[in-house]
């Protein structure tokens, strides 16, 4: 995948950002704020806990902002049937996209058939909605990252995603580049975990990421003034 080489505007950056709030202590008011911010800045999506899919759907209705929620979060070692049920309920409640955690323990044990079955169940339950497979790169060797991407693509995922943000580390440039090389055209890479400033976000985009998952969406986009464009390579070399 070719790196991203041109100037990027505030509006264009917003089209990459999934404004995220997945903490254990979030409240209704927090979700309302995140959704309202997403609508105000025209972010591509909000990524919120499954419990809040209905509320988020009502707030962002007709705005163009997608509602994304998580499945098997954050460890991924749920039963496949549980993940499929989670996915189906999320869709019923208005989720437009699903970010599922891969069965990391099965992957590391070499049980790739179970890894694929797990993903396939969620893809089926999603009924055509985009499924992003979180491979949680911080726990994987290079060979395991390659296998995880292969399983995700084989099983019908629309994206592979670096991290939950709850592991030992988040997205890295090296992992984004590797994942972009591994997936075919039409399958995207989402970088998430530890992306807190514009420079880091643009580095992930330059490396090939098509989505940026971050809880700092407002802060990132506010680093670009209205009407201004930032050249990615210049930003990276600052």
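The values are calculated or read from the model by the stated rules, or taken from the named source; none is laboratory data. Please read all numbers here as calculations on a predicted model, not as lab measurements. Note that each Cβ is placed from the backbone with ideal geometry, even for glycine, and that neighbours are counted across all protein chains shown.
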Response to the item:
residue 11 vs (1) in a helix (DSSP H, G or I); (2) surrounded by fewer than 22 Cβ atoms within 10 Å (Cβ to Cβ); (3) in contact with a strand residue (DSSP E or B) (Cβ under 7 Å, 6 or more places away or on another chain): all pass except (3)
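Within the stretch 121-145, how many residues turn out to be in a helix (DSSP H, G or I) and either surrounded by 21 or more Cβ atoms within 10 Å (Cβ to Cβ) or over 16 Å from the mean Cα position of the chain (by Cα) (or both)? Reasoning before the result, please.
Step one: of the stretch 121-145, the residues in a helix (DSSP H, G or I) are 121-125, 137-139, 142-145.
Still in the list and also either surrounded by 21 or more Cβ atoms within 10 Å (Cβ to Cβ) or over 16 Å from the mean Cα position of the chain (by Cα) (or both): 121-125, 137, 139, 142-145.
The total comes to 11.
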Worksheet entry | Sole exception among (1) within 16 Å of residue 190 (Cα to Cα); (2) in a helix (DSSP H, G or I) for residue 67, by number | (2)
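Tell me which residues, restricted to the stretch 74-87, are more than 22 Å from residue 64 (Cα to Cα) and assigned to a helix (DSSP H, G or I). Give the derivation first.
Just the residues of the stretch 74-87 that are more than 22 Å from residue 64 (Cα to Cα), to begin with: 74-86.
Hits for the stretch 74-87 are 80, 81, 82, 83, 84, 85, 86.
Within the group 207, 148, 191, 152, which residue is in contact (Cβ under 8 Å) with a residue 24 or more places away in the chain, surrounded by 19 or more Cβ atoms within 10 Å (Cβ to Cβ), in contact with a strand residue (DSSP E or B) (Cβ under 9 Å, 6 or more places away or on another chain) and more than 18 Å from residue 101 (Cβ to Cβ)?
Details: 148 fails: more than 18 Å from residue 101 (Cβ to Cβ); 191 fails: more than 18 Å from residue 101 (Cβ to Cβ); 152 fails: more than 18 Å from residue 101 (Cβ to Cβ).
Step by step, each of 207, 148, 191, 152 is checked, and only 207 is in contact (Cβ under 8 Å) with a residue 24 or more places away in the chain, surrounded by 19 or more Cβ atoms within 10 Å (Cβ to Cβ), in contact with a strand residue (DSSP E or B) (Cβ under 9 Å, 6 or more places away or on another chain) and more than 18 Å from residue 101 (Cβ to Cβ).
Being more than 17 Å from residue 164 (Cβ to Cβ) and at pLDDT 95 or above, is that true of even one residue in the stretch 102-109?
Looking for residues that are more than 17 Å from residue 164 (Cβ to Cβ) and at pLDDT 95 or above, one finds at least one in the stretch 102-109, hence yes.
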Worksheet item: Quick one: what pairs do we get from the stretch 216-232, first residue more than 13 Å from residue 14 (Cα to Cα), second modelled with pLDDT of 90 or more and assigned to a helix (DSSP H, G or I), C-beta under 6 Å, 6+ apart or different chains?
Response: 232/202; 232/206
Fill in: Within the stretch 95-120, considering residues that are touching a strand residue (DSSP E or B) at 6+ places or on another chain (Cβ under 6 Å) and in a loop (DSSP other than H, G, I, E, B), the one nearest to residue 154 (Cα to Cα)
102
Practice prompt. Filter the stretch 188-220 down to residues that are under 19 Å from residue 20 (Cβ atoms) and part of a loop (DSSP other than H, G, I, E, B), then give me how many there are.
Written response: 9
Worksheet item: Among the residues of the stretch 61-83, which ones are buried (at least 20 other Cβ atoms within 10 Å of the Cβ) and farther than 14 Å from residue 133 by Cβ?
Response: 65, 66, 67, 69
Worksheet, complete the sentence: Counted residues in the stretch 159-187 being in a strand (DSSP E or B) and surrounded by fewer than 20 Cβ atoms within 10 Å (Cβ to Cβ) come to 0
Item to complete: Test residue 90 against the stated conditions and say whether it is at pLDDT 95 or above, farther than 22 Å from residue 191 by Cα, out of contact with any strand residue (DSSP E or B) (no Cβ under 6 Å at 6 or more places or on another chain) and crowded, with 16+ Cβ neighbours inside 10 Å.
Response: no
